[in-house]
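I have placed the structure first, in the form of structure tokens, so that the comments after it can refer back to it.
Just so it is clear, none of the values below were taken in a lab; they were calculated from the coordinates. Keep in mind that what you see is a predicted model, and the values were worked out from it rather than measured. Please note: Cβ atoms are built from the backbone with ideal geometry, for glycine as well, and neighbour counts cover all protein chains shown.
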Amino acid sequence: MKKKKWIIAADAPQDVAALQSELALPRLAARVLAARGAGDPERARAFLDSSCERIHDPFLLTDMQKAVDEIERTIAAGEKIAVYGDYDVDGVTATCTLVRYLRSRGVDCTYYIPDRLGEGYGLNTTALRRLYDEGCRLLITVDSGITAVEEAEFAAGLGLRLIITDHHECKEALPCACAVVNPRRPDCAYPFRELAGVGVAFKLICALETSRSAEEMLEQYGDIVAVGTIADVMPIAEENRTIVARGLGVLACTKNPGLRALLHTLGLDGKPVTSNSVSFVMAPRINAAGRMGAAALAARMFLTDSMEEAEELAQTLCDLNRSRQEEENKIYQQIIGWLEQDPRRHQKKALVLWGDDWHNGVIGIVASRLADRYGVPCVLISMSGGCGKGSGRSIKGFNIYSALEQNAALLEKYGGHELAVGLTIQRGNLERFRTQMEELAEKAGTGEEVVPCVAVDCRVEARELSHEEVNGLSLLEPFGMGNPQPCFAMENVVIEDLTPISRDRHVKMLLNKDGKSFYAFAFGMGARTCAFVRGDLLDIVFSAEINRYKNRESVQLVLKDVRWAEPEERRDTELADCYRSFCGGEALSREQAEQLSPTRDDLVAVFRHVRANAESGLLCAPAQTLYRKVRYEARSGMNLGRFLVCLDVFTEFSIVEYEPVGGELAVRVLPKQGKVDINGSRILRRLSDLRQAYQ
């Protein structure tokens, strides 16, 4: 795995003192605000403000009046209205928000959500004709439609009037419609461009209800609007901060049967509902329906008035999510197994891989996991016959959408943004596409190195992570894009214990710093692939939260990145230099010769570890990890230089062969050729001679 770059904000002690004094903030919360540029008390007040005064007039959105007039005319005429949404959480919640509102006014209203697997994103002419044939005369899009120029012309030819509400980037030509409501329109003067699709739908119903205050509207619809806004990773700032903060309050005691059933099924009843609850617990279940080709089930759950039906649908969403996880893990493990067979395969600057009949709904998640694991952009393509559909995820510093633009001649179609893309490609273009993506990534790496980065608010000491201080971070909520959960760094932390959890998909560590212990969780890092062992001295980057279990509360850490502490790194560097001096025939001190000289027990421990952990005869891991695992297993004085000497001795007798590949060692166990007497090793004899020279 590629090392992440830690970008640690500068301390601002004077700003922190001012925030503590004037706003009575806990010190840790004040440090985070200061790190994020809100060290001035007035700026901090503005940042923390979630009052309804921040909700803007919906009629500031271009074409909003036209949309309202057209909808009111349609309602007055008694005509049927269709809401056309999308299969992700934002699209589903936007659809249900608008449908619930229209039905509350007695409108004959239906909805349509395209099938992700069969239809893909956006308007399609087959669906438009079907809705027209069912009697719909006005169609309102939510979270989609802004680029549907040809489909809008088709709708007009049918006699189907169109209102578009969307939040995605506009192209040069807007679709021809009765109204196009989008805060990202170039001619739109709306003060806040970052509304989610459900946020734009919410503004539409606010415009249709001018007699009611924003506070009233959020009380009625804020729960579902907040869920969609958080799930679509929109910036939790300005107007969105109010929508999400108010919406989470409503969500905790929601009257929506679907949301109540989902909270109950997920065990969130009676617990604080935070943006993290939505992002990591609720949203994946709702998204799973769309990923598995059943987004309409999620919409039914939000729209039903029957608690019994809502509970059945909530359980179905959880079942679909398990199926999604199984499909995702199957593809992920298949790819990891193939990559680890030959470490050269994952040393490229980009990963472009394909497979027959990979599930289209999950390859984007798998690509994201691989991009994070290897620190490179990743594109996965599911092939069906001669054509493939792909999803790509990138890392900061490599614009993957721009890379697709430069490969447009090889693609049937593509779309997305800097960090995430989708594409369609013919089988005959796969190899060339992979080569060109690797070359583009290689060129990007010739300047400033493209590496994953993690932003850190501040360094902390263990004593600062008291229950009161960590609990005080909740004042900064809701967290999300633009206001991420606070991230801290702590140095020289010792691993006291390490336990695999969730079938070794994650690791729980007991960490100690200055006599204070914390449980910490490393998600996505199984014990088998974990680079660290008990007793290691670490530097960590993490978020801190309050764990509530059986009426007991404790501070727990969620690890974002881990590396060996500077004293450990320095020791490894010294031993590596010593080993290189020995290999180069340079003179060593007696102490250096002793440090490099393995005992028979050391040699046995290294061989046992390699043989026990090699898969298909091959073991790939950083040398720093391998020697530490041997040291822990054998309770020995193993160090990096001595470990490499052991491998050299085994290589001398053709027991193993090894080579550095990227930042790892690839150690291959060779076919056994009978017993060998390592006492005859030239390497060991030379070390012995060096030691004896000082006697």
Taking Cα atoms only, helix 566-583 is inclined relative to the longest principal axis of the chain by an angle, in degrees rounded to 10, of 50
Of every Cα-Cα pair in the chain, the percentage lying beyond 49 Å is 24
Expressed in nanometres to one decimal, the distance between label points 7 Å along Cα→Cβ at GLU553 and SER211 is 4.4
One finds the C-alpha centres of the stretch 95-127 and the stretch 381-397 to be spaced, in Å, by 28
Which of LYS3/LYS516; LYS3/LYS550; LYS80/LYS255; LYS5/LYS629 exceed 31 Å between C-alpha atoms? The answer is LYS3/LYS550
Checked the stretch 283-399 with the C-alpha gyration tensor, a ≥ b ≥ c its square-rooted eigenvalues, rounded below a/c of 1.5, otherwise prolate if a/b is larger than b/c and oblate if not; verdict prolate
Expressed in nanometres to one decimal, the distance between label points 7 Å along Cα→Cβ at GLU491 and CYS583 is 3.0
Subtracting the Cα-Cα distance of ARG427 and ALA455 from 0.36 nm times their residue separation yields 6.1 nm
Full extension between VAL233 and PHE192 adds, at 0.36 nm per residue less the Cα distance, a length in nm of 13.2 nm
The rounded separation in angstrom of the Cα centers of the stretch 222-292 and the stretch 493-507 is 29
Long-range amide H partners of ASP115, meaning residues 5 or more apart or on another chain whose placed amide H is closer than 5 Å, are GLY120
Assertion target for PHE607, PHE542, PHE653, PHE280, ordered by fewest C-beta neighbours within 10 angstrom first, is PHE280, PHE653, PHE607, PHE542
Most exposed first, judged by fewest Cβ atoms within 10 angstrom, GLU238, GLU150 run GLU150, GLU238
Note: ASP689 to GLU153 extended length (0.36 nm per residue) minus current alpha-carbon separation gives 184.2 nm
One finds the C-alpha centres of the stretch 3-71 and the stretch 567-632 to be spaced, in Å, by 50
Quick calc: nm separation of the 7 Å Cα→Cβ label points for PHE523 and GLU591 -> 4.6
For the stretch 350-449 the mean separation of alpha carbon contacts under 8 Å (6+ apart) over residue count, i.e. relative contact order in percent, is 25
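Taking only C-alpha pairs under 8 Å that are 6+ residues apart, what is the relative contact order of the chain in percent?
10
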Exposure proxy check on HIS417, HIS168: fewest-to-most Cβ neighbours within 10 Å is HIS417, HIS168
Taking R0 as 51 Å and r as the Cβ-Cβ distance between GLU633 and HIS264, the FRET efficiency 1/(1 + (r/R0)^6), rounded to the nearest 0.05, comes to 0.65
Partner lysines whose C-alpha sits under 19 Å from that of LYS413, ignoring same-chain residues fewer than 8 away, are LYS171, LYS389
Per its Cα gyration tensor (rounded if a/c is under 1.5, else prolate when a/b beats b/c, else oblate), the stretch 476-593 is best filed as prolate
Measuring from the longest principal axis of the C-alpha atoms of the chain, the long axis of helix 214-231 (C-alpha) lies at a number of degrees, nearest 10, equal to 40
Relative to the chain, whose Cα atoms define the longest principal axis, helix 430-444 and its Cα axis are tilted in degrees, nearest 10, by 70
Under the Karplus relation with 6.51, -1.76 and 1.60 and θ = phi - 60°, whole-Hz ³J(HN,Hα) for the stretch 14-24, x at Gly and Pro, equal 5, 5, 4, 4, 5, 5, 5, 6, 8, 10, 6
To the nearest 0.05, the calculated FRET efficiency linking GLU308 and SER502 through their beta-carbon distance, R0 being 35 Å, is 0.65
Dividing the helical contributions, -39500 (n - 2.57) per DSSP H run of n ≥ 4, by the residues of the chain yields a 222 nm value, nearest 500 deg cm²/dmol, of -13500 deg cm²/dmol
